[in-house]
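Colleague: Sending over a structure as structure tokens; questions will come in a sec.
The values are calculated or read from the model by the stated rules, or taken from the named source; none is laboratory data. It should be emphasised that the depicted structure is a prediction, and the values quoted were computed from it without experimental measurement. Neighbour counts are summed over all protein chains in view; Cβ atoms, including those assigned to glycine, are modelled from backbone coordinates with ideal geometry.
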Amino acid sequence: MRLQSRLSIATASIISLVSVAIGGFAVSTSFDSDVARVDDALSVAAHQIKNTKDDPLGSALLAADESAISLTVDFLSINNDLLVLNPGNIEITKKPSVTLLTAASKNAITVVQGADTYRLRSVALADSEFVVLATSLSAQIESRDANIRLLIWFILGSIVFGAVAIALFIRRDVRKISRLVDAAGLIADGESSVSLPGATGQSEVDRLARALRNMVDSLQHSIEVERTTQQNMQTFLGDASHELRTPLTVIKGYVELLQKNPNAGAEQTTRAYERMLAEANRMDALIKDLLLLAELGETKTDTKIMSELSVIDLSAVVSTAVDDLRILQPTRPVVVAIEPGIDILGARDLILQVLANLTSNIRRHTLVTDSLRVSLHTEDEMFAVLSFDDSGRGLPAEFYAAGINHFQRFDNSRSRESGGSGLGMSILAAIVRKHGGEIKLEKSDLGGLRTEIRLPLAR
């Protein structure tokens, strides 16, 4: 449906809704006002009858004669006989119940009898006798129906007028906007080079075209950021809840065990406390890593990193990390090929975290007898290339093809055994990407895992 048609329909709909609301209120108010005047007349007559205790029936006939409306006056006797005193403008053929008459003695009520609708008021006499006052509402209902018919015709006329006005007054502008809509559709389909109509001028449509261009670019960026943030948050919550539940369950189990066995031996008690402490430490490590990953995933971290950048001698830092590993595991065969004087621009604490995670993964997930090869060199005078190759068991084949995603956990079972969170590789990858680098996981020619990191050189 064209924009002009939609605008016409929208305008007509608004006019209709406003007209229905205003007209409906007016009709309802008018009808209620008419009924209120009827109720006032009934109340006057009822009051006159109540004040005449000696001759209520005569007073009822007098009230009917003096009333501003045509009143039907009946008398309901103690034998439940209905006596017509004044025929008025209706004929009550069905005797009202005592419950109905009791309610009508306080306020006028509407009664439907066959095709007739009337207002009824009663005056209670002695011995459950009643004087019944009633008048037809046919005139008021007919007036209401006439107003409704008039309202319908008014609404139809307003719709036609509104549609014609839209067609006459906005046709030209709608055509221009329609061209912009078509161009926006092409942009949404990937045609980013589309020239928006009138985009070089200063008219309202020209400004709309430029605003549309900026809006589309901003919207696409926002959607991508939101999608990434949402996915990261879901993964974060899933990992946190799953991994924290396990140590909590273990700790709870040992607490319950100690409660049920207060006289447990020292050896059993000590083993329980040691187990709970180990699980608590694992929870602490997981929480710290999850919080670090969450921080690295925030946009504001980019600004923080930029403010902390400095020139880092990557060759010296890597050499120090390898020396530390040799001290901790002197029996491990290590081959080193590090080019000297390779500088990068980075946040020192985060780069040290990268090397700490690399060496920690080697120590935790390979045997002390497994070989390690560390290499650092430059590529195309643009990048520093750092690689760690080991002869361990490596990773499952699917991890090499998938790469590393934010909050992805590797080798969960070994992480539990070693007390780690399993998020070290994800932390490593997040830091590298924050520095404008990239990381790859491959099968090493040594038989295990090859981790290769590329970082931009300092200019």
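Colleague: Answer with yes or no whether Arg210 is charged (D, E, K, R) and either in a helix (DSSP H, G or I) or at pLDDT below 75 (or both). First the steps, then the outcome.
Modeller: Values: charged (D, E, K, R): yes; either in a helix (DSSP H, G or I) or at pLDDT below 75 (or both): yes.
Here the answer is yes, as Arg210 does meet what is asked.
Colleague: Give the residues of the range 57-105 that are touching a residue at least 24 places away in the same chain (Cβ under 8 Å), in a loop (DSSP other than H, G, I, E, B) and among the hydroxyl-bearing types (Ser, Thr, Tyr), sorted by residue number.
Modeller: Ser67, Ser70, Ser77, Ser105 - these are the residues of the range 57-105 that are touching a residue at least 24 places away in the same chain (Cβ under 8 Å), in a loop (DSSP other than H, G, I, E, B) and among the hydroxyl-bearing types (Ser, Thr, Tyr).
Colleague: Could I ask something else about it? Could you go through the range 300-309 and let me know if any residue there is at pLDDT 90 or above and out of contact with any Phe, Trp or Tyr (no Cβ under 8 Å at 6 or more places or on another chain). Break it down stepwise before answering.
Modeller: Residues of the range 300-309 at pLDDT 90 or above: none.
Checking the range 300-309: not a single residue is at pLDDT 90 or above and out of contact with any Phe, Trp or Tyr (no Cβ under 8 Å at 6 or more places or on another chain).
Colleague: Among the listed residues Phe388, Phe399, Phe410, identify the single one that is of a type in the set (Phe, Trp, Tyr) and at pLDDT below 60.
Modeller: None of the others qualify; the one that does is Phe410.
Colleague: Restricting attention to the range 318-345, report how many residues are within 13 Å of Arg373 (Cβ to Cβ) and in a helix (DSSP H, G or I).
Modeller: 3
Colleague: Modelled with pLDDT of 85 or more, of a type in the set (A, V, I, L, M) and assigned to a helix (DSSP H, G or I): which single residue out of Ile427, Ile439, Ile453, Ile362 fits that description? Outline the logic, then answer.
Modeller: On the way: Ile427 fails: modelled with pLDDT of 85 or more; Ile439 fails: assigned to a helix (DSSP H, G or I); Ile453 fails: assigned to a helix (DSSP H, G or I).
Answer to the check: Ile362.
Colleague: So, one more: Confirm whether Ser315 is among the hydroxyl-bearing types (Ser, Thr, Tyr), in a helix (DSSP H, G or I) and under 16 Å from Leu455 (Cα atoms).
Modeller: Criteria met by Ser315.
Colleague: Of the conditions (1) modelled with pLDDT under 65; (2) outside any loop (DSSP other than H, G, I, E, B); (3) farther than 26 Å from Val18 by Cβ, Asp173 clears all except one; give me its number.
Modeller: (3) is the only condition that Asp173 fails.
Colleague: To continue, here is another question. Across the range 50-97, which residue is farthest from the chain's Cα centre (by Cα) among those that are surrounded by 14 or more Cβ atoms within 10 Å (Cβ to Cβ) and of a type in the set (Val, Ile, Thr)?
Modeller: Thr52
So that you can scan it fast, the table gives a plain yes or no per residue for (1) free of Cβ contacts under 8 Å to residues at least 12 places away in the same chain; (2) of a type outside the set (A, V, I, L, M, F, W, C):
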{"residue": "Ser315", "(1), (2)": "no, yes"}
{"residue": "Val318", "(1), (2)": "no, no"}
{"residue": "Arg326", "(1), (2)": "yes, yes"}
{"residue": "Val336", "(1), (2)": "no, no"}
{"residue": "Gly341", "(1), (2)": "no, yes"}
{"residue": "Leu345", "(1), (2)": "no, no"}
{"residue": "Leu350", "(1), (2)": "no, no"}
{"residue": "Ile362", "(1), (2)": "no, no"}
{"residue": "Leu386", "(1), (2)": "no, no"}
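Colleague: Can I ask one more? For Thr110, which of the numbered conditions (1) touching a strand residue (DSSP E or B) at 6+ places or on another chain (Cβ under 9 Å); (2) surrounded by fewer than 18 Cβ atoms within 10 Å (Cβ to Cβ); (3) among the hydroxyl-bearing types (Ser, Thr, Tyr); (4) part of a helix (DSSP H, G or I) fails to hold?
Modeller: (4)
Colleague: For Thr117, are the conditions met, namely being under 21 Å from Ser138 (Cα atoms) and surrounded by 14 or more Cβ atoms within 10 Å (Cβ to Cβ)?
Modeller: When the stated conditions are applied, Thr117 passes them.
Colleague: What number of residues within the range 106-137 satisfy the criterion of being small (Gly, Ala, Ser) and at pLDDT 85 or above?
Modeller: 5
Colleague: Tally up the residues in the range 346-371 that are surrounded by 15 or more Cβ atoms within 10 Å (Cβ to Cβ) and either of a type in the set (S, T, N, Q) or touching a Pro at 6+ places or on another chain (Cβ under 7 Å) (or both), please.
Modeller: The number of residues fulfilling the criteria is 7.
Colleague: Aliphatic (A, V, I, L, M), surrounded by 13 or more Cβ atoms within 10 Å (Cβ to Cβ), assigned to a helix (DSSP H, G or I) and in the same structural domain as Val20 (by TED's automatic domain parsing), is that true of Leu151?
Modeller: For Leu151, the condition - aliphatic (A, V, I, L, M), surrounded by 13 or more Cβ atoms within 10 Å (Cβ to Cβ), assigned to a helix (DSSP H, G or I) and in the same structural domain as Val20 (by TED's automatic domain parsing) - is met.
Colleague: Mind listing whichever residues of the range 113-148 are in a strand (DSSP E or B) and of a type in the set (Val, Ile, Thr)?
Modeller: Across the range 113-148, the qualifying residues are Thr117, Val123, Val131, Val132, Thr135.
Colleague: Tell me, which residue of the range 249-291 that is outside any helix (DSSP H, G or I) and small (Gly, Ala, Ser) is surrounded by the fewest Cβ atoms within 10 Å (Cβ to Cβ)?
Modeller: Filtering the range 249-291 for residues that are outside any helix (DSSP H, G or I) and small (Gly, Ala, Ser), the one surrounded by the fewest Cβ atoms within 10 Å (Cβ to Cβ) comes out as Gly265.
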